[in-house]
1. Filtering the stretch 202-246 down to residues that are under 18 Å from T78 (Cα atoms), at pLDDT below 90 and hydroxyl-bearing (S, T, Y), which residue is most open to solvent (accessible area, probe 1.4 Å)?
2. In the stretch 161-181, which residues are outside any strand (DSSP E or B) and farther than 21 Å from A142 by Cβ?
3. Take T94 and tell me if it is surrounded by fewer than 21 Cβ atoms within 10 Å (Cβ to Cβ) and modelled with pLDDT under 75.
4. Cβ-Cβ below 7 Å, separation at least six or inter-chain, first residue in the stretch 200-215 and among the β-branched types (V, I, T), second assigned to a loop (DSSP other than H, G, I, E, B) and open to solvent by 50 Å² or more (accessible area, probe 1.4 Å): which pairs?
5. Looking for whichever is open to solvent by 60 Å² or more (accessible area, probe 1.4 Å), aliphatic (A, V, I, L, M) and part of a strand (DSSP E or B) here; the options are L184, L129. Which one fits?
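The values are calculated or read from the model by the stated rules, or taken from the named source; none is laboratory data. Here the structure is a predicted model, which means the values were calculated and not measured. Cβ placement follows ideal geometry from the backbone for every residue including glycine, while neighbour counts extend to all protein chains displayed. Note: accessible area is taken over every heavy atom of the protein model, side chains too, but ligands, DNA and RNA are not part of it. Shrake-Rupley method; radii C 1.70, N 1.55, O 1.52, S 1.80 Å.
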Amino acid sequence: MMKLLYLGLSSSLLVNSCQTIKLANESEDNNLLRDASIYCSMKMSDNDSEVLAVEIKPSTSAYNAADITIRKGSEEATRHLELEIPSDGLLILTMSNTDELAISLTGKPVIAKINASKDLSKPSNCIQLQASAQSRTVSCQALGTPAEGWYQSGRIIQHTTQCQSKILTCGSQPTSGWYVQEKLKQNKILKTPCSGQQATPACIVNDVASGWYLGGSLLFADASCSTKKIECSDSGSPNEGWTTFETSQPELIAAESCQPNRNISYLAR
């Protein structure tokens, strides 16, 4: 039985029309996090503009477990915890003495409120993005030109300005397509040549030295690395190095099968 954790979120959530979230059989493979990250959000109450945002990623330290990052409204501070994913795929987070938050990882991931009577409020769809690296990576190219935008294998996905301050990821739920996220709290943790490296540092959380590891060696100690992403930035400049950042909730910009459009790679030269 999963142990409930109190997160210190005192604001209650509005209970809407109730319905039941269908749970999976224990024999079903419901661990969506093996190749995906999930982003959920919902309003804290009917008369409150604050939104509770939850990011769920595969655990970096345990199999069949989830790293969960929670943000409330515009608060700078985030809360982080790790939970084992139960056989029914339903994560329960305690919100107050009477209310709990339910996140279902079965089928289409959803978030909902569950009250003292164990009734679930109307679920809100969560967004499921690819967590593993794509075989054909997406990159921001042609900076400062009319051709600036996201490219994949020399083909344009979408023209946009300032794409370096954002990331683009393919998502499958609730709509298949390309999702954009803002990079938040960017921090250059190490200035070093990195653009030619095939491998990317990995966040490893352990009891000895949690942080970013590359080739089995600790690159930079960071106890909260599981809440962040990392990339090589400022390639070719004196400031080239590894930069960490957090991400905003995803926003769908193109509902399609994540296939690139016509080849106009010459614009990026």
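1. Looking at the filtered set, the residue picked out is S224.
2. P174, T175, S176, listed by residue number.
3. So T94 does not fit the description; no.
4. Here the result reads I204/T60; V205/T60; V205/S61, each pair linking the stretch 200-215 to a residue that is assigned to a loop (DSSP other than H, G, I, E, B) and open to solvent by 50 Å² or more (accessible area, probe 1.4 Å).
5. Selected residue: L184, the only one of L184, L129 that is open to solvent by 60 Å² or more (accessible area, probe 1.4 Å), aliphatic (A, V, I, L, M) and part of a strand (DSSP E or B).
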